[in-house]
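The values are calculated or read from the model by the stated rules, or taken from the named source; none is laboratory data. What you are looking at is a predicted structure, and each value in this text was computed from that prediction instead of being measured. Note that we place each Cβ from the backbone using ideal geometry, even for glycine, and neighbour counts take in every protein chain shown.
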Amino acid sequence: MAAEKTIKVSRETYKRLDSQAQARGLSIERFLEYAVKELEKSREREFIERLRAKGMIVSFPPSNLKKPRNFKPVPVRGKPVSEIIIEDREPR
């Protein structure tokens with residue numbers, strides 16, 4: 001179930017929104033849903049780019065290396081490496 005929200009807009013703004021919706025073959029409700037989703041995507045992209053600019057995210061190109069056919073993971077005893085890293089980062 002989608003959340004509903006009511007906002008007041010001027011008649012001029014409503015007409016412009018309705019015109020944009022009709023130009024895309026959508027109802028005004030569907031157009032607004034689309035516009036909100038696009039805004040959220042844009043904000044997320046901007047956030048990721050800010051993190052990238054600060055060096056907090058690093059992107060690597062996809063690898064074209066493939067696993068050898070006879071690849072078999074080596075079983076290792078003990079805690080998973082991820083747990084060890086988390087424990088190591090906890091304040092002491």
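Some observations on this one:
- Some residue of the range 40-59 being surrounded by 10 or more Cβ atoms within 10 Å (Cβ to Cβ) and of a type in the set (G, A, S): yes
- Filter pass, F71 being part of a helix (DSSP H, G or I) and either surrounded by 10 or more Cβ atoms within 10 Å (Cβ to Cβ) or over 18 Å from the mean Cα position of the chain (by Cα) (or both): no
- Any pair with Cβ under 8 angstrom, 6 or more apart, that starts in the range 39-56 at a residue that is part of a helix (DSSP H, G or I) and ends at one that is not charged (D, E, K, R): I48/I57; L51/I57; R52/V58; R52/S59
- Only one of K72, K79, K66, K54 that is touching a helix residue (DSSP H, G or I) at 6+ places or on another chain (Cβ under 9 Å), farther than 30 Å from T13 by Cα and either at pLDDT 85 or above or hydrophobic (A, V, I, L, M, F, W, C) (or both): K79
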